[in-house]
Amino acid sequence: MSAISEAETSTHDLLNQATEWLQYARGLTELLAELVHEADTVDCNRMALGLEAISALTRLGARCTAEAHARLTWERAGRV
């Protein structure tokens, strides 16, 4: 899966990509939470890396969603 959508990517595909990126972010969030609950100590550097990864995944999901929304708006405007 590419992080950057291409012009021929459909709105449906963009929404699927957004869903996948957000599911990855959710999975990583659950993993980090589980590790923190089970750990006696927390490695702040590793936790920061994990949180940065969640941020990047969420950003990708939001970007795909925004692009899909823009395309839907253009499609609707073209019908009027």
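The values are calculated or read from the model by the stated rules, or taken from the named source; none is laboratory data. Not measured: the values here are computed from a predicted model. Glycine also receives a Cβ, built like all others from the backbone with ideal geometry; neighbour counts cover every protein chain displayed. Accessible surface areas use protein heavy atoms only, side chains included; no ligands, DNA or RNA. Shrake-Rupley method; radii C 1.70, N 1.55, O 1.52, S 1.80 Å.
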Residue within the stretch 45-53 that is of a type in the set (K, R), surrounded by 11 or more Cβ atoms within 10 Å (Cβ to Cβ) and free of Cβ contacts under 8 Å to residues at least 12 places away in the same chain present: yes
Given (1) loosely packed, with under 12 Cβ neighbours inside 10 Å; (2) in a loop (DSSP other than H, G, I, E, B), number of the condition T9 does not satisfy: (1)
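Conditions tested, residue by residue: (1) in contact (Cβ under 8 Å) with a residue 24 or more places away in the chain; (2) closer than 23 Å to H12 by Cα; (3) out of contact with any His (no Cβ under 8 Å at 6 or more places or on another chain).
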| position | (1), (2), (3) |
| --- | --- |
| L32 | no, no, yes |
| L57 | yes, yes, yes |
| G61 | yes, yes, yes |
| A66 | no, yes, yes |
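Can we say A68 is open to solvent by less than 40 Å² (accessible area, probe 1.4 Å) and among the aliphatic types (A, V, I, L, M)?
So A68 passes the test.
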Any hit, the stretch 19-26, residues being open to solvent by 100 Å² or more (accessible area, probe 1.4 Å), touching a residue at least 24 places away in the same chain (Cβ under 8 Å) and within 22 Å of A66 (Cα to Cα): yes
Filtered residue count, the stretch 12-40, keeping only those that are modelled with pLDDT under 95 and polar (S, T, N, Q): 0
Filter pass, T29 being open to solvent by less than 90 Å² (accessible area, probe 1.4 Å) and not hydrophobic (A, V, I, L, M, F, W, C): yes
